[in-house]
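Participant: Starting off with a structure, shown below.
The values are calculated or read from the model by the stated rules, or taken from the named source; none is laboratory data. It should be emphasised that the depicted structure is a prediction, and the values quoted were computed from it without experimental measurement. Here the Cβ is made from the backbone with ideal geometry for all residues, glycine too, and neighbour counts use every protein chain on show.
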Amino acid sequence: MSDSAALPSAGLARRLAALLYDAMLVLAIWIGIGFVAQLLVGDQVNEVIDGRVQTDPLFGAALFAMMCASAAAFYVGFWLRGGQTLGMLAWRIRAQSGGQHVEQTTHIFDLARFLLGDAKSVHGVATSGSMTDVPQYDVDDLSMVNIEFESGAIANIASCCAMEGWNRVQLEIFCRGLVVTVGGPNTVNRKGEEGSL
């Protein structure tokens, strides 16, 4: 049994907000499909009868089928690729969330990979429980990842959501005679002499 099974589920308001968010995305997809379909077939499938636009029944059925298929692809695709839709991500509803690392620290991983190369091995741990005062908060709020890079470099990337009004996101690179801090003060310390990036 996973640790997330013991966490409270999201309330109705949060679930409805996520559903509305996803519905707006699906609506945008439908508008795009309708626009492309109309460009492809032109105005030949529509005619004005008694002041009302009438659409060819075959075209209407095909458009409806494309709308249903695109909505199904949207939801099934997100569930197969990450376990949650964009609306669930935006409203912190966990289904299979990666917690802080996926939701907030992802660019530190990008920067580490850019500077240090591809990873050779990765080990991570995550937990939740520091945000007990936030109702229905069910994503990991503390996590740590150790990475060994193919270049021989190693990194530890930690992420935490535990304090209001204070945050720090940074990458520190340590080499012989050199320490570079990216994020926060953006400093370089070369053999004991500190400067700015």
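Participant: Could you tell me whether region 153-167 includes any residue that is among the aromatic types (Phe, Trp, Tyr), surrounded by fewer than 17 Cβ atoms within 10 Å (Cβ to Cβ) and at pLDDT 75 or above?
Facilitator: The answer is no, given that none of the residues of region 153-167 is among the aromatic types (Phe, Trp, Tyr), surrounded by fewer than 17 Cβ atoms within 10 Å (Cβ to Cβ) and at pLDDT 75 or above.
Participant: Still on this model: From Ala72, Ala13, grab the single residue that is at pLDDT 85 or above and in a helix (DSSP H, G or I).
Facilitator: Ala72
Participant: Could you please find all residues in region 17-47 being modelled with pLDDT under 85 and loosely packed, with under 12 Cβ neighbours inside 10 Å?
Facilitator: Gly42, Asp43, Gln44, Glu47
Participant: Here's another thing I want to ask about it. Output the number of the condition that Ser97 fails; it satisfies all remaining conditions of (1) closer than 19 Å to Ser143 by Cα; (2) at pLDDT 65 or above; (3) in contact with a Leu (Cβ under 9 Å, 6 or more places away or on another chain).
Facilitator: Status for Ser97: all satisfied but (2).
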